[in-house]
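The block underneath contains the structure these notes are about, expressed in structure tokens.
The values are calculated or read from the model by the stated rules, or taken from the named source; none is laboratory data. If you're wondering where the values come from, they're calculated on a predicted model, not measured in any experiment. No Cβ is skipped: glycine too gets one built from the backbone with ideal geometry, and neighbour counts run over all protein chains shown. These accessible areas exclude ligands, DNA and RNA; they are computed on the full protein's heavy atoms, side chains included. Shrake-Rupley method; radii C 1.70, N 1.55, O 1.52, S 1.80 Å.
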Amino acid sequence: MSKIGIVTMGTGSYVNFLPSMLDSFAKYFLPQYEKQFIVLTDDKTLTHETISNNIYFPFYEWPYSTLYKNKAINLTKEYFDCDILFWVDADLKCIDYVTSSEDLLPTKEKPICCVNHCGWLHEGKEIKLYPYETNSKSTAFVEDIYKVPYHQACLYGGLYENFFNMSKTIEKNIDIDLSNDIVAIWHDESHLNRYIQDISLKTIPRIYARPEAMGELLPNTKIISILKPNLNEQ
């Protein structure tokens, strides 16, 4: 059976979300699998029984806290001993058991998986006004905005090598943009959505990342994004 690696980051005020995320994912997220948690943080005192390794990563002001996310992720590669990796935002929380490997796990045919975005759904119908990067000078530019539905950067994963190849590519593309004084409209999420245009992607259903800020939960919601004040740390 595959071993699941989970990487997350809590710097600045977001470190306060980590205990809830770690507790809920340890208990509810694919409980049939062994899991390894690695946390990137600027809090040198952080401890939690689920954490295999804490890796120091400094706090950056917005938007660099998101733009440097893949730079942080790439620091963890040598620490993982697993077959499948997931990035999980610190403010996510499992509210029910997540047991469907068919919904969540990547495969050889679809080695990258990413959760569909709830923001472009109204009364059960898809609204194709996806917020892709429209600046053609950006490496995150998407020409055909209707080719692939928009996905969230709060929960995504992949087979070990595929995951890190993707993360390294995104880090490189963000660095290219920054060297040209370009910041994509939705930062690392824009670059993630550009990357998945050209691969065989497995889409994770929306019930695995429903923002509390959107009000009523979707039926059978398993994971929520916790309602939080207007923080701009990451």
Q: Count, please, the residues in segment 149-177 that happen to be open to solvent by 10 Å² or more (accessible area, probe 1.4 Å) and of a type outside the set (V, I, T).
A: 13
(Q) Within segment 115-124, does at least one residue satisfy the condition of being open to solvent by less than 40 Å² (accessible area, probe 1.4 Å), modelled with pLDDT of 95 or more and under 13 Å from the mean Cα position of the chain (by Cα)? (A) yes
Q. Being of a type in the set (D, E, K, R) and under 30 Å from D96 (Cβ atoms), is that true of even one residue in segment 174-191?
A. yes
Q. In segment 26-79, how many are over 13 Å from A90 (Cβ atoms), touching an Asp or Glu at 6+ places or on another chain (Cβ under 9 Å) and of a type in the set (K, R)?
A. 1
Q | Long-range neighbours under 6 Å by Cβ, at least six apart or interchain, first residue within 17 Å of F25 (Cα to Cα) and in contact (Cβ under 8 Å) with a residue 40 or more places away in the chain within segment 201-227, second basic (K, R) and open to solvent by 70 Å² or more (accessible area, probe 1.4 Å) | A | I224/K93; I226/K93
**Q.** Of residues in segment 38-75 being without any contact (Cβ under 8 Å) to a residue 40 or more places away in the chain and open to solvent by less than 10 Å² (accessible area, probe 1.4 Å), the one farthest from F164 (Cα to Cα)
**A.** T41
Q. Does segment 178-202 hold any residues that are acidic (D, E) and either at pLDDT 95 or above or farther than 18 Å from P111 by Cα (or both), and which are they?
A. D181, D188, E189
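Of all residues in segment 178-188, count the ones that are open to solvent by less than 30 Å² (accessible area, probe 1.4 Å), on the phi < 0 side of the Ramachandran plot and in contact with a helix residue (DSSP H, G or I) (Cβ under 8 Å, 6 or more places away or on another chain). Working first, answer last.
Taking segment 178-188 as the starting set, the residues that turn out to be open to solvent by less than 30 Å² (accessible area, probe 1.4 Å) are 182, 184, 187-188.
Subsequent filtering for residues that are on the phi < 0 side of the Ramachandran plot retains 182, 184, 188.
Pick out the ones that are also in contact with a helix residue (DSSP H, G or I) (Cβ under 8 Å, 6 or more places away or on another chain) and you get 184, 188.
Number of matching residues: 2.
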Q) Just one of the numbered conditions (1) at positive phi; (2) touching a Cys at 6+ places or on another chain (Cβ under 6 Å) is not true of K202; which one? A) (1)
Q | In segment 1-23, the residues that are in contact (Cβ under 8 Å) with a residue 60 or more places away in the chain, surrounded by fewer than 19 Cβ atoms within 10 Å (Cβ to Cβ) and out of contact with any Leu (no Cβ under 8 Å at 6 or more places or on another chain) | A | K3, S20
